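The values are calculated or read from the model by the stated rules, or taken from the named source; none is laboratory data. Just so we're clear, the structure is a prediction, and the values are computed from it rather than from any experiment. Don't worry about glycine lacking a Cβ; one is built from the backbone with ideal geometry, like all the others, and counts go over all protein chains shown. Note: accessible area is taken over every heavy atom of the protein model, side chains too, but ligands, DNA and RNA are not part of it. Shrake-Rupley method; radii C 1.70, N 1.55, O 1.52, S 1.80 Å.
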Amino acid sequence: MEQQGSSGKGKYKVIGTRPIRHDGEDKVTGRAQYGADIMLQDQLYGHLLRSPHSNAKILKIDTSKAEAMPGVRAVVTSQDFPQGEISAGKKYARDRILASDKALFKGHPIAAVAAEDRWTAEEAAKAIEVSYEVLPAVMDVMEAIKEDAPLVQEGNTTSTLGGQDAKPSNIVNHTQHKRGDVDDGFAKAELVIEREFDTKAVHQGYIEPQNATALARSDGQITVWCSSQAPFWVRAELSALLELPLSRFKVVPMEIGGGFGGKINSYLEAPAVLLSKKTGQPVKLVMSRADVFEATGQASAVHSKIKIGVNKDGAIVAGQAWLAYESGALPSNWGMQGSMCVFAPYKMEHVLIDAYDVLTNTSKVAAYRAPSSPQAMFGTESVMDEIAQELGMDPIELRLKNAVQEGDLRADGPKFPRIGFKETLEAIKNSDHYKSPPPSAPNQARGLAAGFWFNAGMQSSATVGINMDGTASVVTGSVDIGGSRASMSIMAAEALGLTAEEVRPSVADTDSIGHTDVTGGSRTTAVTGTAVYEAAQDAIGQMKKRVAKLWDISEEQVVFEDGAFKSTANGHDPMTVKELGPKLGMTGGPVLGSATVAPKSVGAGFGVHVVDIEVDPETGKVAILRYTAAQDVGTAIHLSYVEGQMQGGVVQGIGWALNEEYIRGEDGAMQNTGFLDYRVPTMLDVPNIETIIVEVPAPGQPYGVRGVGEVPIIPPLGALHNAIYKAIGVRLRALPMSPPSVVKAIHEARKIAEPAAART
Amino acid sequence: MSKKRMVNATINGREQTLLCDNRMSLLDALRDAAGLTGTKEGCLTGDCGACSVVMNGKLVDSCLVMAAEAEGAAITTVEGLAIGSDLHALQQAFLAEAALQCGVCTPGFLVASKALLDRNPDPTEHEIRYWLAGNLCRCTGYQKILEAVQSAAAQLRDNPR
């Protein structure tokens, strides 16, 4: 595998190495406790009754038959939330969990049952009688955006350019970014290409279904065990919905079986609490796979128009984007996020971006790895490829010519600090893969594309405790979804002059550490990592006082460098943290460093991917012959898990590009609600993914970390699209480029080509 | 109708009698009746392989086997791979190669990989990919899993456990 060395080599001792992860043994022996593994004394099993309709008024819910069934302990509906006047926003939040007046999508929870066993709970849910008035539903963004479309939310009006429209509509937000004059820009440009693109809804496809277990005690204290990316957000939502103070809740993060953004929203936690309140017993709820597909948050289906104008030398003059994002049945702002990504990698003088969030009768859209960027950049990277082809330019040279760097303005306004897009393009240009000749047999080709993600900031807390033997413990509130215990330990060890193995990491519940936002947005290593670094500095500051006492010098005369305390006065041998540990008790007691952080900005990430493919013209199947991904990660903390994030993201992107989609029937319902038919990539579908780690340290972050998880899902869509075009001569501007659509495209191209050939 | 029955099975070499609801799958029996929660539920339709166990020498999706069918069977789950504190070569290789991220598919991959290496100690890359195509991992992109299986296979050939 090709891999650049860590730029930190020499600079760092622990960062950029590959220690065994601390939670590894529990995860290879089956001991690790995931949410569904919990079993409490006297635990009941819950089940949700879900709407069979995509849009329906709920006229009546009769739970009496269900409640009378032997073994049934409680039935709850939306009526069991505190009632009374509520804001529109709070009603949306509550309705997402349990429907009140309307079932807004197929699979929308209507009621929840707790019973002695899961089969009784299921049967009781079926015995709940619901009267519906079925309404016309709208599933497609372009249908929903029409003036006469059925309204998903009667009360919704469009928030547009700082104001609020008066007329009800399915459009939640209209976001616009404007710079210069695009009409003028396109008029001056020597080549203008404008194309339309469609992407279907896709799902994160984490292997562990959502689950939650709650115990509401008679003293009013409530504990929830769940697999969530954001335990503090679960607590906040429960507090808001149940109208109880935060201090009444403890959310315990269990090990989490994947999320990719899909386990940020809570789904089952509130129903579990309502059922536990009613029964006085712990209640566990677990989703089925079909529920996961239908009723958690898919990523938006998107319709887009991308127009880019360039001069003959390839310099971009103007760019215009029109983006319509599926929001699901409840308001969201994914279009706004897409508008920030669509042209982010490229300098352009004239820009006009319009983005819309559109209500549809589908489950509320959730985050999915670099949320909104893949759909937006798919179109951009296709048009860039067409421009390169028209101009006869190498696709990397075209991108290098236009690539943003420090000081350039992002298309939507902000000025870039130091970034590594050019370095990443150069890394691919100089890669063994790109320098080798493209595959040249019939139906084979090479494609290339770039990706951008801004990476998230938000808030984190951490403590670093120095043990009495000079080893350390690190506590954070960031759920470990893929090795973050190891990366936190590495950063603490680097700061303290210890080994990764001498630092014991743990993920705390919401009682035991300060507020910490989501594990997501590629923020954990960068932002929680900053909190760990700052907490370690706090501990070092405290330890300097102890050293000063031991050496009978002033605190200012003690420095900490190369992993040891040193005296700027004379006559003292350096002392490591390990040596100081046993002396802490007699110099003032334990040392516990703590820190909270809320960075305003974090370093943006860029990736560039190159892929060689072969299309089978008979079946339309696309085989991947070789794949290389380069990415600026700032600084790689744990090399193996950085590579793993890149490889995993690429494979999810391959699935999105080539196979995955929500296939909807005439009634709008998803037809492929199992893994077999949804078809995520298997081990047999993908090749090895070569990774090139580029390290341009992010300014303002103690170790220069940018975050790595999101970017790699973005370029595969464009890279595969561009490769397929070169292989078959047709641009498939709708995803997925699945075997049926590839075969159809080949046949249509032949139909056009044959009569033309006959004329000559 | 009696809703429950006793199921006698040898699980990881230990004879057990489990009280099982008639509707229980082997997966439920392992998790809820035997308390062996290392075997995971991902789909309940036999598509993801997170619930892979070996039953009478055959690799099965335990969600598709009824608990009652396990009467008299010998079953190996992920909890049976290590001997005391000695991790199996596959477990060590998964750690060394960082072949897991969230870890929820890992028990299924370990059990399925062991079933492969028990049959074929020297599989080709394609044979590994083919055999493990019934186990889904959404985090790793599979490469490090492949490398871990290859590394464990080589180690077991040199030094059979």
> More than 23 Å apart: what percent of Cα pairs in region A:286-394 qualify?
Replying inline: 36
> What whole-number value in cubic angstrom gives the convex hull volume per residue for the C-alpha atoms of region A:672-760?
Replying inline: 190
> In a shell of Cβ-Cβ distance under 12 Å around A:Val141, excluding A:Val141 itself, what net charge do Lys and Arg (+1) and Asp and Glu (-1) give?
Replying inline: -3
> With a ≥ b ≥ c the root eigenvalues of the C-alpha gyration tensor of region A:1-160, is it rounded (a/c under 1.5), prolate (a/b larger than b/c) or oblate?
Replying inline: oblate
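Hey, any idea what Rg/Rh is for region A:276-349, computing Rh the Kirkwood way over Cα pairs?
Rg/Rh for region A:276-349 comes to 1.30.
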> Percent of alpha carbon pairs in region B:4-80 separated by more than 14 Å?
Replying inline: 52
> What do the square roots of 5 times the Cα gyration tensor eigenvalues come to for chain A, in whole Å, largest first, as semi-axes of the equivalent ellipsoid?
Replying inline: 42, 39, 23
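Determine the alpha carbon to alpha carbon distance for each of A:Lys364/A:Lys621; A:Lys146/A:Lys305; A:Lys106/A:Lys126 and list only those over 20 Å.
Violating the 20 Å limit, Cα to Cα: A:Lys364/A:Lys621.
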> From the cross-link list A:Lys65/A:Lys102; A:Lys435/B:Lys144; A:Lys13/A:Lys422; A:Lys307/A:Lys401; A:Lys91/A:Lys200; A:Lys57/A:Lys178, which pairs have alpha carbons spaced over 30 Å apart?
Replying inline: A:Lys57/A:Lys178
> Volume per residue, Å³, of the convex hull around the alpha-carbon atoms of region A:594-697?
Replying inline: 192
>> What is the sum of charges, Lys and Arg at +1 and Asp and Glu at -1, for the other residues whose Cβ falls under 12 Å from the Cβ of A:Ile128?
In response: -1
> Among B:101-110, A:138-147, how do they line up from the highest to the lowest mean number of other beta-carbon atoms within 10 Å?
Replying inline: B:101-110, A:138-147
> To the nearest 100 Å², how much accessible surface do chains B and A cover up together, summed over both, with a 1.4 Å probe?
Replying inline: 4400
>> Using square roots of five times the C-alpha gyration tensor eigenvalues, list the equivalent-ellipsoid semi-axes of region A:386-425 in whole Å, biggest first.
In response: 23, 12, 6
> Could the peptides A:410-420, A:332-342, A:246-256 be put in order, highest first, of the mean number of other beta-carbon atoms found within 10 Å of their residues?
Replying inline: A:332-342, A:246-256, A:410-420
> Given just the C-alpha atoms of region A:457-597, how large is their convex hull per residue in cubic angstrom?
Replying inline: 97
> Considering only the protein assembly as shown, what is the antiparallel percent among its DSSP beta bridges, to the nearest 5?
Replying inline: 75
> Relative contact order for region A:457-597: what is it in percent, counting Cα pairs under 8 Å that are at least 6 residues apart?
Replying inline: 35
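Based on the Kirkwood radius over alpha-carbon pairs, what is the Stokes-Einstein translational diffusion coefficient of region B:89-158 at 20 °C with 1.002 mPa s viscosity, in µm²/s?
This corresponds to a translational diffusion coefficient of 184 µm²/s.
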> Rounded to the nearest 5, what % of the DSSP beta bridges within region A:114-225 are antiparallel ones?
Replying inline: 80
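On average, how many beta carbons from a partner chain sit within 10 Å of the beta carbon of a residue in B:92-101?
Counting Cβ atoms of other protein chains within 10 Å of each residue's Cβ and averaging gives 6.
With the radius of gyration and the Kirkwood radius both derived from the Cα set of chain B, what is their ratio Rg to Rh?
Rg/Rh: 0.98.
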> Per residue, how much accessible area does region B:89-158 have with a 1.4 Å probe, in Å²?
Replying inline: 30
> Leaving out ligands, DNA and RNA, what percent of the accessible area of region B:89-158 is carbon and sulfur, probe 1.4 Å?
Replying inline: 48
> Got the relative contact order for chain A handy, in percent, Cα pairs under 8 Å and 6 or more residues apart?
Replying inline: 15
> Farthest toward the dipole's positive end in chain A, which of A:Gln647, A:Ser522, A:Gly335, given Cβ charges of +1 (Lys, Arg) and -1 (Asp, Glu) about the Cα centre?
Replying inline: A:Ser522
>> Show me, for region A:286-298, the HN-Hα J-couplings you get by feeding each phi into the Karplus relation (A = 6.51, B = -1.76, C = 1.60, θ = phi - 60°), rounded to Hz, glycine and proline as x.
In response: 9, 7, 7, 4, 5, 4, 4, 5, 7, 10, 9, x, 6
> How do A:383-396, A:105-118, A:556-569, A:486-499 rank on mean C-beta neighbours within 10 Å, highest first?
Replying inline: A:486-499, A:105-118, A:383-396, A:556-569
>> Counting only other chains, and only Cβ atoms inside 10 Å, what mean value do you get across the residues of A:646-656?
In response: 3
>> Pairs of alpha-carbon atoms within less than 8 angstrom and 6+ residues apart define the contacts here; what relative contact order does region B:4-80 have, in percent?
In response: 39
>> When a/c reaches 1.5 or more, the comparison of a/b and b/c decides; with that in mind, is region A:141-227 rounded, prolate or oblate per its Cα gyration tensor?
In response: prolate
> Rounded to a whole number, what % of the accessible area of chain A do carbon and sulfur atoms account for, probe 1.4 Å?
Replying inline: 50
> Is there a simple number for the mean count of other chain Cβ atoms within 10 Å of the Cβ of residues in A:205-213, and what is it?
Replying inline: 5
> When Lys and Arg each count +1 and Asp and Glu each count -1, what net charge do the other residues less than 13 Å away from A:Thr160, Cβ to Cβ, add up to?
Replying inline: -2
>> Using the Cα centre of chain A as the reference point, and only Cβ charges (+1 on K/R, -1 on D/E), how large is the resulting charge dipole? Debye, rounded to the nearest 20.
In response: 440
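Let me spell out the model: positive unit charges on the Cβ of Lys and Arg, negative unit charges on the Cβ of Asp and Glu, origin at the Cα centre of region A:161-236. What dipole size does that give, in debye rounded to 20?
Rounded to the nearest 20 debye, it is 400 debye.
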